[in-house]
Amino acid sequence: MESTEQSVTDHTATIEAGAAPVLAPTAAPAVASTRSKSAAPKVAVAAKRPEVGPNHVALERLLAMAKRYRKEGQVREAMEMFWELAESHSDTTQGDAAKELLLEMAAGYERDGSPRLARSIYERILDSEE
């Protein structure tokens, strides 16, 4: 039990120091494979900004403010802030969250009979990905 507690303590100290924890690989069950190791697909993963520091706090506050505007019916202000986060901070979790909220809003416009407005949101999101 002592080694598990030490491992958790080591990972916590690593995370607090700002470094990514290194986890030991677990042993896979013995299964005969017909695929060679070189045939394994490679997956590209987009790097996100670290979620620490004053920028992270500011982005969280902006996202919360935009959500509050939406909840209070100030849709124009909310959308402006969501777009700013989605387009200017697309490499952050807040940018991703803003895109998700814009997609929710577009779906609502579609349901409420405003397909052109919904389409403009969908297209702008796609354009921002290029």
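The values are calculated or read from the model by the stated rules, or taken from the named source; none is laboratory data. None of these values were measured; they are calculated from a predicted model. All Cβ positions, glycine included, derive from the backbone under ideal geometry; neighbour counts span all protein chains shown.
Set side by side, the residues GLU129, GLU104 differ, and just one is at pLDDT 95 or above, farther than 16 Å from LEU59 by Cα, under 18 Å from the mean Cα position of the chain (by Cα) and acidic (Asp, Glu), which is GLU104.
For the range 78-91, filtered to residues that are surrounded by 18 or more Cβ atoms within 10 Å (Cβ to Cβ) and out of contact with any Lys or Arg (no Cβ under 7 Å at 6 or more places or on another chain), the residue that is farthest from ASN55 (Cα to Cα) is MET79.
Selection of the range 98-130 for residues being touching a helix residue (DSSP H, G or I) at 6+ places or on another chain (Cβ under 6 Å), closer than 14 Å to ALA78 by Cα and among the hydrophobic types (A, V, I, L, M, F, W, C) yields ALA98, LEU101, LEU102, ALA106, ILE121. Restricting attention to the range 53-77, the residues that are surrounded by 15 or more Cβ atoms within 10 Å (Cβ to Cβ) and either touching a residue at least 24 places away in the same chain (Cβ under 8 Å) or more than 20 Å from GLY108 (Cβ to Cβ) (or both) add up to 8.
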